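S.K.: Here's a structure for you.
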Amino acid sequence: MSAHAPYYNLVRTELFSFFSEPIETVLEFGCGSGATLVALREKGLAKKAVGVEIHPPSFERAKKVLDKAYLIDLDNDKLTLKKASFDAILFPDVLEHLRDPWAILARSHELLKPDGFVIVSVPNIRHYTVLFALLRGRWDYTNEGIMDKTHLRFFTKETMSEALSDAGFEVVEIKANGGFLPGWKGVLNALSGNRIRPWFESQYILKARKK
């Protein structure tokens, strides 16, 4: 696991600001070794932390530090978690790796309590690096980043919002990573009516509540 240790042990602190108040139980899909959930619990943002992970070594670590952990392949295993049992569900850069992320979102809607919410982060396929490559006739996969070779699905801010809506959610907050446009880029963006900024936003984080 050493080659992947930084990824599986990463604490996704950028998700914390989406918790407007402490909750009782949080579920994270793709929890890795459980680092993000442990940090949420230590900060008092969640009392009970439950994780789902596909990577066996990370699962073994997660089950030692979380209240509950499950070794589940979301593409092939049945998700038997209890309905209406979670206040929040996290999908930190998970959905783009799944064959049917829309089905998992619909299932997560059932797992949430009536006032529950999801937090989803996805890479932005509209990024200028992808667009410029397409103009050159290229669609090349890489070992990491937006064009990671393990990505099966691709989203923009708009299509991810639509996927959440179709699953029964209402998007209440969106934040972008990237999109800082200094110098001439900012001038060009202003002249375009802010149409260029999405090309420089590498990732979106969306919070959505049950309708």
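The values are calculated or read from the model by the stated rules, or taken from the named source; none is laboratory data. Note that the structure is a prediction, hence the values are computed from the model and not measured. Cβ atoms come from the backbone with ideal geometry, glycine included; neighbour counts cover every protein chain shown.
S.K.: Just for region 35-87: of the residues that are β-branched (Val, Ile, Thr) and not in a strand (DSSP E or B), which one is modelled with the lowest pLDDT?
M.R.: Step one: filter region 35-87 for residues β-branched (Val, Ile, Thr), giving 36, 38, 50, 52, 54, 65, 72, 80.
Right, trim to not in a strand (DSSP E or B) and you get 36, 38, 54, 65, 72, 80.
Details: 36: 97, 38: 97, 54: 96, 65: 97, 72: 97, 80: 91.
Once the filter is applied, the top-ranked residue is 80.
S.K.: Mind checking which residues of region 35-51 are surrounded by 22 or more Cβ atoms within 10 Å (Cβ to Cβ) and over 15 Å from the mean Cα position of the chain (by Cα)? First the steps, then the outcome.
M.R.: Of region 35-51, the ones surrounded by 22 or more Cβ atoms within 10 Å (Cβ to Cβ) are 36-37, 40, 46, 49-51.
Answer for region 35-51, where residues must be surrounded by 22 or more Cβ atoms within 10 Å (Cβ to Cβ) and over 15 Å from the mean Cα position of the chain (by Cα): 40, 46, 49, 50.
S.K.: In addition: Out of 25, 80, which single residue is without any contact (Cβ under 8 Å) to a residue 12 or more places away in the chain, more than 16 Å from the chain's Cα centre (by Cα) and farther than 25 Å from residue 148 by Cα?
M.R.: Values: 25 fails: without any contact (Cβ under 8 Å) to a residue 12 or more places away in the chain.
Going through 25, 80 in turn, the sole match is 80.
S.K.: Just for region 142-157: of the residues that are without any contact (Cβ under 8 Å) to a residue 12 or more places away in the chain and in a loop (DSSP other than H, G, I, E, B), which one is farthest from residue 113 (Cα to Cα)?
M.R.: Of everything passing the filter in region 142-157, 143 is farthest from residue 113 (Cα to Cα).
S.K.: Quick check on my filter: what residues within region 88-109 are small (Gly, Ala, Ser) and in a strand (DSSP E or B)? Please lay out each step first, then the result.
M.R.: Looking only at region 88-109, we keep the residues that are small (Gly, Ala, Ser), and these are 88, 103, 106, 108.
The one that is small (Gly, Ala, Ser) and in a strand (DSSP E or B): 88.
S.K.: Go through (1) within 19 Å of the chain's Cα centre (by Cα); (2) over 18 Å from residue 104 (Cβ atoms) one by one and return the number of the condition residue 67 breaks.
M.R.: Against the list (1) within 19 Å of the chain's Cα centre (by Cα); (2) over 18 Å from residue 104 (Cβ atoms), residue 67 comes up short only on (1).
S.K.: Scanning region 1-22 for residues that are over 17 Å from the mean Cα position of the chain (by Cα) and hydroxyl-bearing (Ser, Thr, Tyr), which turns out modelled with the highest pLDDT?
M.R.: 20
S.K.: Search region 55-78 for residues being among the hydrophobic types (A, V, I, L, M, F, W, C) and closer than 15 Å to residue 90 by Cβ, and hand back the single one that is surrounded by the fewest Cβ atoms within 10 Å (Cβ to Cβ).
M.R.: In the first step, residues of region 55-78 are kept if they are among the hydrophobic types (A, V, I, L, M, F, W, C); the result is 59, 62, 65-66, 69, 71-72, 74.
Next, from what is left, pick out any that are closer than 15 Å to residue 90 by Cβ: 62, 66, 69, 72, 74.
Values: 62: 28, 66: 22, 69: 24, 72: 18, 74: 20.
Filtering region 55-78 for residues that are among the hydrophobic types (A, V, I, L, M, F, W, C) and closer than 15 Å to residue 90 by Cβ, the one surrounded by the fewest Cβ atoms within 10 Å (Cβ to Cβ) comes out as 72.
S.K.: Give me the pairs: first residue in region 168-191 and over 25 Å from residue 12 (Cβ atoms) and free of Cβ contacts under 8 Å to residues at least 12 places away in the same chain, second residue of a type outside the set (Gly, Ala, Ser) and surrounded by 14 or more Cβ atoms within 10 Å (Cβ to Cβ), beta-carbon distance under 8 Å, and six or more apart or on different chains, which are they?
M.R.: These pairs meet every condition: 188/181; 188/196; 189/181; 189/196; 189/197.
S.K.: Being assigned to a strand (DSSP E or B) and under 23 Å from residue 129 (Cβ atoms) is the filter here, so list the residues in region 158-211 that pass it. Quick ask: steps written out before the conclusion?
M.R.: Narrowing region 158-211 to residues assigned to a strand (DSSP E or B): 169-178, 201-210.
Matches in region 158-211: 174, 175, 176, 177, 178, 201, 202, 203, 204, 205, 206.
S.K.: Sticking with this one: Mind checking whether some residue in region 118-136 is in contact with a Lys or Arg (Cβ under 6 Å, 6 or more places away or on another chain) and either more than 19 Å from residue 97 (Cβ to Cβ) or touching a residue at least 60 places away in the same chain (Cβ under 8 Å) (or both)? Spell out the reasoning first.
M.R.: Of all residues in region 118-136, those in contact with a Lys or Arg (Cβ under 6 Å, 6 or more places away or on another chain) come to 119.
Subsequent filtering for residues that are either more than 19 Å from residue 97 (Cβ to Cβ) or touching a residue at least 60 places away in the same chain (Cβ under 8 Å) (or both) retains 119.
Yes, because at least one residue in region 118-136 is in contact with a Lys or Arg (Cβ under 6 Å, 6 or more places away or on another chain) and either more than 19 Å from residue 97 (Cβ to Cβ) or touching a residue at least 60 places away in the same chain (Cβ under 8 Å) (or both).
S.K.: On to the next question. Among residues belonging to region 133-150 that are of a type in the set (A, V, I, L, M) and out of contact with any His (no Cβ under 7 Å at 6 or more places or on another chain), point out the one that is farthest from residue 202 (Cα to Cα). Spell out how you get there, then give the answer.
M.R.: If we filter region 133-150 for residues that are of a type in the set (A, V, I, L, M), which is where we start, we get 133-135, 146-147.
Next, from what is left, pick out any that are out of contact with any His (no Cβ under 7 Å at 6 or more places or on another chain): 133-135, 147.
Values: 133: 15, 134: 16, 135: 18, 147: 11 Å.
Restricting to residues being of a type in the set (A, V, I, L, M) and out of contact with any His (no Cβ under 7 Å at 6 or more places or on another chain), the top hit is 135.
S.K.: A follow-up question, please. Quick one: is residue 20 closer than 21 Å to residue 144 by Cα and either outside any helix (DSSP H, G or I) or in contact (Cβ under 8 Å) with a residue 12 or more places away in the chain (or both)?
M.R.: When the stated conditions are applied, residue 20 does not pass them.
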